[in-house]
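What follows is a short report on a single structure.
The values are calculated or read from the model by the stated rules, or taken from the named source; none is laboratory data. All of these numbers come straight from a predicted model, not from anything done at the bench. Virtual Cβ from ideal backbone geometry, glycine too; neighbours counted across all protein chains shown.
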Amino acid sequence: MLYDLIIIGGGPAGITAGIYAARKKLNTLLIAKDFFGQTAKTGEIDNWPGSPNISGGALMQSFEKHLKNFAINIKENQTVAKVNLTKSGSNSELDLVKFTVRVESGESFEAKALVVCSGASPRKLGVAGEDKFIGKGVSFCSLCDAPFFQDKNVAVAGGGNSALEAALDLAKYANKIYLLEASDFLRGDPLLQDSLKRTGKVEIRFNQEIKEIQGKAMVESVAVVDRFSQKTEILAVSGVFVEIGWTPQSDFLGGLVSKNERGEIIADPETGQTSLEGVWAAGDCINAKYKQVILAAASGARATLSAYEYLNKLKDEN
């Protein structure tokens, strides 16, 4: 079957793209590893209009339920491995561009257009011991793992909203939290910073970086280096939560579309159009300045509406 549109991703951008595609009655396939993404790993979201203080998991459940109210083809529990492009006919404007999307299970699907909403994955510290202790004290999801650190000391690497939210999640369980920021200021929202201070459990350390995660079977300590004095200090902690940003999931596209130095897909801010005709991108995989749920959802809608116009144009030309 040749679909009108294939949407890749099941986060806020992908689900919104799917809702708009269904409303436009496009023959659409949505491919998603899951319907959670990083949003579901956020404890509380207080800036989604109409739903103050909703959890990330509850918000994504409502997104998924809304999507499945529509007649749309969905392939869940699938990760895209590769996208290929073929072109039929001559080199005229009427050539039919066809995209083949292959998932890791081996199945392939074809479409006239793509909307890529593949999101991002946590960025690693890249220090000794990090890979060794993943699942043994090193975590990238405070919402998932905070309860395992009841009455223990932990470290959080980072100073943005993700790091501050992780520290707040941990404050419900941990005895003490070291918030380690490599620069001399926190980038996270002032409201989150105020909340951290009220817990009385968080020690914020500026200009400090984790250089090694240590332990035997489980994490026991971290070696922290001061950027200015170069002095190394060993902090006794049972857990390390890495919250230093995200890496866009765009490798499966190869060189089909233009990307920036961070691997983010370069997309037109008004339409979501990439450098390749027939492909749009939205959400946290694109070169947008701000990474917010509401902006990801908006970009998913924008990309599908643009794809709809493109597909109508193809019908008129053919």
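Annotations
- Applying a threshold of 9 Å to beta carbon distances and a minimum spacing of six or more residues, or different chains, the list of pairs starting in segment 67-89 at a residue that is at positive phi and ending at one that is of a type outside the set (A, V, I, L, M) and outside any strand (DSSP E or B) reads 77/33; 77/34; 77/105; 89/95.
- Residue, surrounded by the fewest Cβ atoms within 10 Å (Cβ to Cβ), within segment 194-214, restricted to residues that are among the acidic types (Asp, Glu) and part of a strand (DSSP E or B): 203
- Residue among 46, 4 that is of a type in the set (Asp, Glu) and touching a Pro at 6+ places or on another chain (Cβ under 9 Å): 46
- Positions within segment 103-138 being closer than 30 Å to residue 315 by Cβ, touching a Gly at 6+ places or on another chain (Cβ under 8 Å) and in a loop (DSSP other than H, G, I, E, B), in sequence order: 117, 118
- Scanning segment 111-124 turns up no residue that is free of Cβ contacts under 8 Å to residues at least 60 places away in the same chain, in the same structural domain as residue 259 (by TED's automatic domain parsing) and more than 24 Å from the chain's Cα centre (by Cα).
- Flag: residue 22 matches the condition of being among the small types (Gly, Ala, Ser), within 20 Å of residue 70 (Cβ to Cβ), surrounded by fewer than 23 Cβ atoms within 10 Å (Cβ to Cβ) and in the same structural domain as residue 113 (by TED's automatic domain parsing).
- Single condition residue 60 does not satisfy, out of (1) crowded, with 21+ Cβ neighbours inside 10 Å; (2) in contact with a strand residue (DSSP E or B) (Cβ under 6 Å, 6 or more places away or on another chain): (2)
- A residue that is surrounded by fewer than 22 Cβ atoms within 10 Å (Cβ to Cβ), more than 17 Å from the chain's Cα centre (by Cα) and assigned to a helix (DSSP H, G or I) cannot be found anywhere in segment 75-93.
- Each residue in segment 144-193 was checked for being of a type outside the set (Lys, Arg) and either in the same structural domain as residue 291 (by TED's automatic domain parsing) or in a loop (DSSP other than H, G, I, E, B) (or both), and 15 of them qualify.
- Candidates in segment 228-246 are the residues that are in a strand (DSSP E or B) and within 27 Å of the chain's Cα centre (by Cα); of these, the one that is farthest from residue 208 (Cα to Cα) is 246.
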